[in-house]
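The block underneath contains the structure these notes are about, expressed in structure tokens.
The values are calculated or read from the model by the stated rules, or taken from the named source; none is laboratory data. Computed from a predicted model, the values in this text were never measured in an experiment. No Cβ is skipped: glycine too gets one built from the backbone with ideal geometry, and neighbour counts run over all protein chains shown. With ligands, DNA and RNA removed, areas are computed over all heavy atoms of the protein, side chains included. Shrake-Rupley method; radii C 1.70, N 1.55, O 1.52, S 1.80 Å.
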Amino acid sequence: MKKLIAGNWKMNGTLADAKALISDICSSLSGAGDLYAHNDFVVCPPQLHVSLVKEVISDTAAKVSVGVQDCSVNDFGAYTGDTSPAMAKDMGCEYVILGHSERREYQEESDELIAQKAVAAHKQNLITIICVGETDVQRDAGTEKDIVAAQLEKSMPECCTATNTVIAYEPVWAIGTGKTATPEDVRQMHEFIREKLKEKLADSEDVRILYGGSVKPANAAELFAVPNVDGALIGGASLKAEDFLAIAGASVEIAQAA
Ligand code: PGA
């Protein structure tokens, strides 16, 4: 399966920064057949920048999907400040990140709300990137698998399939900290997630499971070599075109070494 290289730009940059970043990504991708042979790409800019990012991509031959970083459970109405799945779809978005740990923490989003958002997103044919992951306290207590199992159980509605759902395992303590889970920790957790998916989905083998948390060019190859790591959800390093594409380059390296 091709790796999914997903950039989560979070709440960063001006419109000019977004334009420069996506332009750099698109121009570096032009003629990069090897990268496309082994990767699919999605960027999730701040919602306000989606339109410009779409426009820049459509003026090039680059194949980069666009996603939003969250969505409402409602399509239209009096929900001040929210972005709806219908609006994201209308803008040409294909993906939505749901249940990122920053939203679980700062917006107090529950697993149940995330599942409702996933239902709403799937109705609009958006692909949901559902994030799960334990905190350092939970890992130190040895409960990381219980936490992730409960998040998967409650955040994934019945309508999830391998076609409309991607899982991102993002240990909270590794996000934006420069700390990365060891390949062995990642191997164990991704294998565990695959097992849990088997209990829920008929096509579980085809669900992409991304790793996220301080992924950078220097560690991408060792992470991508781990079984059941089907790509990365990248925060900080996705803000530099060079790093974002170097991470994708790791998939090519692994495939060629195999
Ligand atoms: P990071 O963020 O790569 O900056 O650690 C990952 C994420 O939050 O998705």
Practice prompt. Examine the stretch 213-220 for a residue that is open to solvent by less than 20 Å² (accessible area, probe 1.4 Å) and within 29 Å of LYS154 (Cβ to Cβ), and state whether such a residue exists.
Written response: yes
Practice prompt. Please work out if LYS54 is under 21 Å from ASN12 (Cα atoms), open to solvent by 50 Å² or more (accessible area, probe 1.4 Å) and not polar (S, T, N, Q).
Written response: yes
Worksheet item: Out of all the residues in the stretch 37-51, is one or more modelled with pLDDT under 95, in contact with a helix residue (DSSP H, G or I) (Cβ under 8 Å, 6 or more places away or on another chain) and in a helix (DSSP H, G or I)?
Response: yes
Practice prompt. Output the residues belonging to the stretch 1-49 that are open to solvent by 10 Å² or more (accessible area, probe 1.4 Å), among the hydrophobic types (A, V, I, L, M, F, W, C) and farther than 28 Å from ASP206 by Cα.
Written response: MET11, LEU15, ALA16, ALA20, LEU21, LEU48
Item to complete: Could you grab me the full set of residues in the stretch 101-134 that are within 16 Å of the ligand (Cβ to nearest atom), more than 15 Å from SER72 (Cβ to Cβ) and of a type outside the set (A, V, I, L, M)?
Response: SER101, GLU102, ARG104, GLU105, TYR106, CYS131, GLY133, GLU134
Practice prompt. Hey, could you check the stretch 93-114 for residues that are over 19 Å from GLY176 (Cβ atoms) and part of a helix (DSSP H, G or I) and say which is most open to solvent (accessible area, probe 1.4 Å)?
Written response: GLU112
Response to the item:
Here the residues within the stretch 66-87 that are away from the ligand (no atom under 16 Å from the Cβ), within 22 Å of ASN12 (Cα to Cα) and either among the hydroxyl-bearing types (Ser, Thr, Tyr) or in contact (Cβ under 8 Å) with a residue 40 or more places away in the chain (or both) are CYS71, SER72, THR80, THR83, SER84, PRO85
Fill in: strands (runs of 3 or more DSSP E) (entirely within the stretch 146-258) containing at least 3 residues that are under 27 Å from TYR36 (Cα atoms) and within 11 Å of the ligand (Cβ to nearest atom)
208-212, 231-234
Worksheet item: ALA150: out of contact with any Lys or Arg (no Cβ under 8 Å at 6 or more places or on another chain), within 26 Å of CYS26 (Cβ to Cβ) and among the small types (Gly, Ala, Ser), yes or no?
Response: no
